[in-house]
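Q: Below you will find the structure I want to go over with you.
Just so you know, all these numbers are worked out from the coordinates, no wet-lab data involved. Predicted model only: the values in this text are computed from it and were never measured. Note that we place each Cβ from the backbone using ideal geometry, even for glycine, and neighbour counts take in every protein chain shown.
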Ligand SMILES: [Zn+2]
């Protein structure tokens with residue numbers, strides 16, 4: 001099994017963070033880093049994974065509370081749906097007003113996703129915005145990652161156990 005999937009609640013609002021990786025290619029996509037940067041680092045180190053992209057299912061502040069930290073530590077292209085870019089711009093102010101927290105601005109968006117956009121990761125995975133994670137092999141084994149931005153409230157979900 002080359003797929004790595006680790007999901008856990010992160011941050012003050014328990015946003016579900018997910019690390020999806022390919023053990024063979026040693027590449028991972030980090031989804032909704034709302035907190036727990038040390039745990040994220042531990043999972044990446046455990047599987048010797050390099051972050052190719054940091055993907056936000058949408059622009060709510062709780063999904064990006066640790067984005068600056070993980071970007072600084074691990075790199076990866078920062079991605080968000082273009083329609084939510086305004087939320088990214090207001091991240092600092094909104095975090096102050098909603099949570100009372102002083103935070104640095106979120107790192108610049110490096111890729112604006114579009115509907116049904118695809119993010120490649122390793123040889124086996126592609127992540128599709130507003131769709132689900134698809135696997136190049138073992139198709140059907142894994143169907144649990146949904147994301148959305150416009151018109152929905154996307155969160156990472158896991159519907160099946162993956163080793
Ligand atoms: Zn949200």
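Q: Classify the stretch 1-52 from the C-alpha gyration tensor, please: rounded if a/c falls under 1.5, else prolate or oblate depending on whether a/b exceeds b/c.
A: Prolate.
Q: Taking neighbour Cβ counts within 10 Å as the exposure measure, how do 81, 115 sort from fewest upward?
A: Least crowded to most crowded, the residues run 115, 81.
Q: When the expected Rg is taken as 2.2 N^0.38 Å, what fraction or multiple of it is the alpha-carbon Rg of the stretch 54-117?
A: This ratio for the stretch 54-117 stands at 1.05.
Q: Give the order of 94, 50 when sorted by the count of other beta carbons within 10 angstrom, beginning with the fewest.
A: Sorted ascending by nearby Cβ count, the order is 50, 94.
Q: Right, next: What is the extension gain from residue 120 to residue 101, computed as 0.36 nm multiplied by their sequence separation minus the C-alpha to C-alpha distance, in nm to one decimal?
A: 3.5 nm
Q: Find the all-direction average of the projected area of the Cα convex hull for the stretch 3-135, expressing the result in square nanometres with one decimal place.
A: 7.0
Q: Still on this structure: What is the distance, in nm, between label points placed 7 Å from the Cα along the Cα-to-Cβ direction at residue 73 and at residue 50?
A: If labels sit at residue 73 and residue 50, their model points lie 1.9 nm apart.
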